[in-house]
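Heads up: the structure comes next, in structure tokens.
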Amino acid sequence: MGYVPSHAEDAALHRKFHALNVGGVDISKAMSERLRQNQVWSGGDRSFIAVVTRRDPPALRNKASEVLKVVNTELGAVPIPDEVLWSQTRNPITAPAQMQGQDGGNGQNASHPKKATLDHSTSDRFKAYLFVQGQKCVGACLAERIQEAFRVLGQDDVAGYTGQHPDTESSSISISAAAYPAILGISRIWTSNLHRKHGFATRLLDSARSSFLYGMSIVRADVAFSQPTESGGQLARKWFGQRAGWLVYID
């Protein structure tokens, strides 16, 4: 279904949809217990983060798809067909320099090591991370296996390209022309309106990078955001701890 903000009926329907999901997406007690079996993080207030993959039963994948419909509507993002969402992708197997431990444990690489391709492997293309609190899904992160991304340029870098230095910092993002190796793409990141500013999005991001690849934690330097909105850009800068130098990929 198309959504045109300037259309009165579409705007009214969107407001109604938003009101229904402002506190999160309903999760039945039985579904919550099933999702808990897939938890990758557990906190207080009956909260946990569960991961849903293509290998999970249809009921779990359907619930993840239901949550993602809300996420797509809230973010104005293009829906991803289920046949793509639960598909596989071929990836180059690279040297282990890209994994946790090469950056001193803080997830930042001052100089990104060159990665030699050894072979190819098959893996899930997407994994959905759901932040469940009680009987609600209050946050979600859709993570994607990617190969490359583009570096966000700082103000001085942008000035070097244009020859003019901006008087004030802009919220817009400029990216490099050259592509850099990357592993994990953050396709969607969302927290319900009533649960923002509580660190849920950060917890989702950390859970995705620490569990997307079995037995390995991906360094932040190998994580890229998918063309973030203004609020998404603010989250990325906070999570990476820097205004520029982090990665954005084209999905």
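The values are calculated or read from the model by the stated rules, or taken from the named source; none is laboratory data. Predicted, not measured: the structure shown is a model, and the values here were computed from it. With ideal geometry, Cβ positions are generated from the backbone for all residues, glycine too; neighbour counts draw on all protein chains shown.
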Inset, instruction - Please list, ordered by first then second residue, the pairs with beta carbon atoms under 7 Å, 6 or more apart or interchain, first in region 42-56 and under 20 Å from T191 (Cα atoms), second in a strand (DSSP E or B) and hydroxyl-bearing (S, T, Y). - result: F48/S42; I49/Y129; V51/Y129
Legend entry - Tally of residues being exposed (fewer than 14 other Cβ atoms within 10 Å of the Cβ) and part of a loop (DSSP other than H, G, I, E, B) across region 80-90: 2
Inset, instruction - Scan region 22-40 and give yes if some residue there is surrounded by fewer than 18 Cβ atoms within 10 Å (Cβ to Cβ), modelled with pLDDT under 95, over 25 Å from M216 (Cβ atoms) and touching a strand residue (DSSP E or B) at 6+ places or on another chain (Cβ under 7 Å), otherwise no. - result: yes
Inset, instruction - Scan region 33-64 residue by residue and report those that are within 15 Å of the chain's Cα centre (by Cα) and hydroxyl-bearing (S, T, Y). - result: T53
Inset, instruction - Filter region 49-82 down to residues that are basic (K, R) and either in contact with a Gly (Cβ under 7 Å, 6 or more places away or on another chain) or closer than 19 Å to G139 by Cβ (or both), then give me how many there are. - result: 3
Inset, instruction - Identify, by number, the condition in (1) at pLDDT 95 or above; (2) over 23 Å from A64 (Cβ atoms); (3) surrounded by 15 or more Cβ atoms within 10 Å (Cβ to Cβ) that S217 doesn't meet. - result: (2)
Inset, instruction - Restrict the check to region 68-79 and report whether at least one residue is out of contact with any helix residue (DSSP H, G or I) (no Cβ under 6 Å at 6 or more places or on another chain) and at pLDDT 95 or above. - result: yes
Inset, instruction - Residues that are aliphatic (A, V, I, L, M) and touching a Phe, Trp or Tyr at 6+ places or on another chain (Cβ under 7 Å): find the strands (runs of 3 or more DSSP E) completely inside region 182-251 holding 2 or more of those. - result: 184-191, 247-249
Inset, instruction - Consider only pairs whose beta carbons are under 6 Å apart and that are at least six residues apart or on different chains; among these, list those whose first residue lies in region 227-239 and is free of Cβ contacts under 8 Å to residues at least 60 places away in the same chain and whose second residue is part of a helix (DSSP H, G or I) and buried (at least 19 other Cβ atoms within 10 Å of the Cβ). - result: P228/A236; L235/A201; W239/L205
